[in-house]
Amino acid sequence: MKIFVYKIITKLKEEIKNPQGEVVENIVKRLSVSSNLKVNTGKFYEIKISDESRIEADKKIEKISKEILINPLIETFEIINVEEL
């Protein structure tokens, strides 16, 4: 068995109102750091999974992400890194 470490980000879809992101945007604008930015907040997950192959582990992580980590009506996910230990 191999161990794979997946790093996954979930975030709200672009068309969904993001109050936390708006707060950050307003603070940045008030501090005069930038007046032209868009902030979309989300969550970061690191999942370690043991499996025979990367292909099988990918399938399981895809299922976990779609069925557990996000609400597909309002959120998306992105696997940003996979590492084999």
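Computed from the coordinates by the stated procedures, all read-outs in this text should not be read as laboratory data. In this text the structure is predicted, and so the values were computed from the model without any measurement. Because the Cβ atoms are built from the backbone with ideal geometry, glycine has one as well, and the counts that use them run over all protein chains shown.
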### Percentage relative contact order, the chain, counting C-alpha pairs under 8 Å, at least six apart
55
### Message
Let's see if you can work this out: charge +1 on each Lys and Arg Cβ, -1 on each Asp and Glu Cβ, no other charges. What is the dipole magnitude of the range 2-84 about its Cα centre, in debye to the nearest 20?
### Response
300
### Query
If you take the charge dipole of the chain about its Cα centre, with +1 on Lys and Arg Cβ and -1 on Asp and Glu Cβ, which of 21, 49, 68 is farthest toward its positive end?
21
### Summary
With the label point 7 Å along the Cα-to-beta-carbon line of residue 52 and a cut-off under 13 Å to each amide N, the hits in the range 1-19 are 1-2
#### Entry: Loop sites in the range 22-73: trypsin sites (Lys or Arg not before Pro), DSSP, at most 15 other Cβ within 10 Å
38
### Task
Keeping to pairs on different chains or 8 or more places apart, tell me how many lysine pairs in the chain have Cα atoms under 16 Å apart.
22
### Query
Can you give the translational diffusion coefficient of the range 2-84 in µm²/s, computed by Stokes-Einstein from the Kirkwood radius over Cα pairs at 10 °C and 1.306 mPa s?
110
### Message
With angles folded into 0 to 90 degrees, how steeply does helix 54-64 sit against the dominant principal axis of the chain? Use alpha carbons for both and round to 10.
### Response
50
### Query
Taking only Cα atoms, what is the 0 to 90° angle, nearest 10, from helix 19-30's long axis to the longest principal axis of the chain?
50
